[in-house]
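Novice: If you scroll down you'll find the structure; I have some questions about it.
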Amino acid sequence: NRMNTAGKNAIYAAAAGFGLNRYLHARAKRQVLVLCYHGVVSHRPPAAPYEFRNAVSIAEFQVQLEHLTRSFHPVSATDVLLWMKGRMSLPDWPVLVTLDDGYRNNYEHAAPLLKRYGVPALIAISTGYMGTPRLLWPDAVMLRILRWRERWFPLPDASPFAMPEDYPARVALSRKILQWCKAVPV
């Protein structure tokens, strides 16, 4: 995880150094940037990075909102819809913030920061999960693979599969199973 962070930081620094950031920012002046978040958690534990791959910490989210309000103009989903219908214009460098899974942390952690910075957001809520202990199916699959305690994992055809012991191999298996599930025709 530290290598990923170091690599990303090196790429960002190189892009900034070569002026790529300024170029792309100027080019996108009239385009709507859509930022898709999933979760905002109190902190991301370093021991389980994959389990929090789609989340940012409260501190990270706050820094990102500060940057957004300095460098962009946050707009609402309604603003974007009206703009698409030709009924209103948007300011330069518009940005729409979305939270896509409707986790409780969107309400507990993200909403207060969005309100503080005056950033409208579109929060998609999975209403069938409200008030239940159930997880969204991709999270349930991923956690089941990562936390499986038995040596063998039963496959759908009832054949046993030797469960990898190390975390990176379980992450790879989790990703593979999620891709298989997503490819199943409905």
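The values are calculated or read from the model by the stated rules, or taken from the named source; none is laboratory data. Keep in mind that what you see is a predicted model, and the values were worked out from it rather than measured. With ideal geometry, Cβ positions are generated from the backbone for all residues, glycine too; neighbour counts draw on all protein chains shown. These accessible areas exclude ligands, DNA and RNA; they are computed on the full protein's heavy atoms, side chains included. Shrake-Rupley method; radii C 1.70, N 1.55, O 1.52, S 1.80 Å.
Novice: Could you say whether any residue in region 92-100 is under 19 Å from Ala55 (Cβ atoms) and part of a loop (DSSP other than H, G, I, E, B)? I'd like the intermediate steps shown before the answer.
Specialist: Our first condition is that a residue be under 19 Å from Ala55 (Cβ atoms); within region 92-100, this holds for 97-100.
If we keep only those that are part of a loop (DSSP other than H, G, I, E, B) as well, we get 100.
Among the residues of region 92-100, at least one is under 19 Å from Ala55 (Cβ atoms) and part of a loop (DSSP other than H, G, I, E, B), which makes the answer yes.
Novice: Assuming Lys85 fulfils every condition listed in (1) modelled with pLDDT of 95 or more; (2) surrounded by 15 or more Cβ atoms within 10 Å (Cβ to Cβ) apart from one, which condition is it?
Specialist: Lys85 satisfies every listed condition except (2).
Novice: So which residues in region 101-126 are in contact (Cβ under 8 Å) with a residue 40 or more places away in the chain, open to solvent by 60 Å² or more (accessible area, probe 1.4 Å) and under 13 Å from the mean Cα position of the chain (by Cα), if there are any at all?
Specialist: Across region 101-126, the qualifying residue is only Tyr103.
Novice: Checking Asp92 against (1) modelled with pLDDT under 95; (2) in contact with a Leu (Cβ under 6 Å, 6 or more places away or on another chain); (3) under 18 Å from Arg70 (Cα atoms), which single condition isn't satisfied?
Specialist: Only one criterion in (1) modelled with pLDDT under 95; (2) in contact with a Leu (Cβ under 6 Å, 6 or more places away or on another chain); (3) under 18 Å from Arg70 (Cα atoms) is unmet by Asp92, namely (2).
Novice: What are the residue pairs meeting all of these: first residue in region 51-76, first residue over 30 Å from Val141 (Cβ atoms), second residue at pLDDT 95 or above and of a type in the set (Phe, Trp, Tyr), Cβ atoms under 9 Å, and 6 or more apart or on different chains?
Specialist: What qualifies is Gln62/Tyr117; Leu65/Tyr117; Glu66/Tyr117; Leu68/Tyr117; Thr69/Tyr117; Pro74/Tyr117; Val75/Trp83.
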